[in-house]
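Here's the structure we're looking at; comments come further down.
Throughout, read-outs are computed from the coordinates displayed, never taken from laboratory work. Quantities reported herein were computed from a predicted structural model and do not represent experimental measurements. Every residue, glycine as well, gets a Cβ built from its backbone with ideal geometry; the counts of neighbours run over all protein chains shown.
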Amino acid sequence: MYTSYGKSMIGSGTIIADNVIIGYPSRAELAEVGSFDTAKLRNIEGAIIGENCIFRDFGVIYSKYFDNNRTLILFELKLAKLSDIETHYGPPVGHVNTKDFLAKWRAASSALNKPYQKDGRWVVDIKREFTEPLELVKVNISHLNVGKHVTESIQKKLELHQNTNVIRRGYEKPLTQFLIRKNSWEY
């Protein structure tokens, strides 16, 4: 059983690791749009995600965007804060890449211990770079390569809010639609 979010397809039971973006538009599709033209953006498809997938780190559970003079993008995350320590999984014990993994992580300053074996794989505990989602977005938003006009618009007008700070005048309808998972045509 799959939930449809567009073109990409992720099979049931998949483990989706760190720094993976699923179903967001390609650079080429965004370049064609040229700016936040919501009529055109609505035609860009996302991904198909199978049942019982495991998302690591913050894990976006649900997201939706709205446009009414300004674009509002809302995300519901699995976790709002992560621990300072992340377990980084390497190759299976005996794999051809074992030697490279061990050499890299024995010398890495971010490693909190030496690599060790767990469930037939090499793993190492490392200091997590980002523990809160806003930190991650603030640092990485300037590195997006999504087309000149979109990037300029983001850099000039981006506002980031979390938790109860998203409750603002003018956001009542989109927040209600987001929270009860209904689209505007379903009312």
Problem set entry | Histogram of C-alpha separations across the stretch 55-133, 10 Å bin width, % | 17, 33, 25, 15, 8, 2
Seminar exercise, completed: Across 5 Å bins beginning at 0, the whole-percent shares of Cα-Cα pair distances in the stretch 89-172 come to 3, 12, 14, 12, 11, 11, 10, 11, 9, 5, 2, 0
Problem set entry | Karplus 3J(HN,Hα) series, Hz, for the stretch 98-112 with 6.51 cos²θ - 1.76 cosθ + 1.60 (x for Gly, Pro) | 4, 4, 5, 4, 5, 5, 4, 7, 5, 9, 6, 6, 7, 6, 8
Exercise. What does a probe at LYS81 reach in the stretch 102-134, counting residues whose amide N is under 15 Å from the point 7 Å along Cα→Cβ?
Worked result: 130-134
For this session: Run through every distinct alpha carbon pair of the stretch 85-127 and return the Kirkwood hydrodynamic radius in angstroms, one decimal place.
Result: 10.1 Å
Problem set entry | Stretch gain in nm, segment SER153-ILE61, where the contour uses 0.36 nm per residue and the Cα spacing is subtracted | 30.5 nm
Exercise. Whose amide H sits under 5 Å from the amide H of ARG128, counting only residues 5 or more places off or on another chain, with H placed in the peptide plane?
Worked result: ILE85, GLU86
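Listed here are the pairs LYS104/LYS127; LYS81/LYS118; LYS81/LYS127; LYS81/LYS173; which of them are more than 18 Å apart at the Cα? Don't skip to the end; give the middle numbers.
On the way: LYS104/LYS127 15 Å; LYS81/LYS118 25 Å; LYS81/LYS127 14 Å; LYS81/LYS173 27 Å.
The pairs that break the limit, which is 18 Å between Cα atoms, are LYS81/LYS118; LYS81/LYS173.
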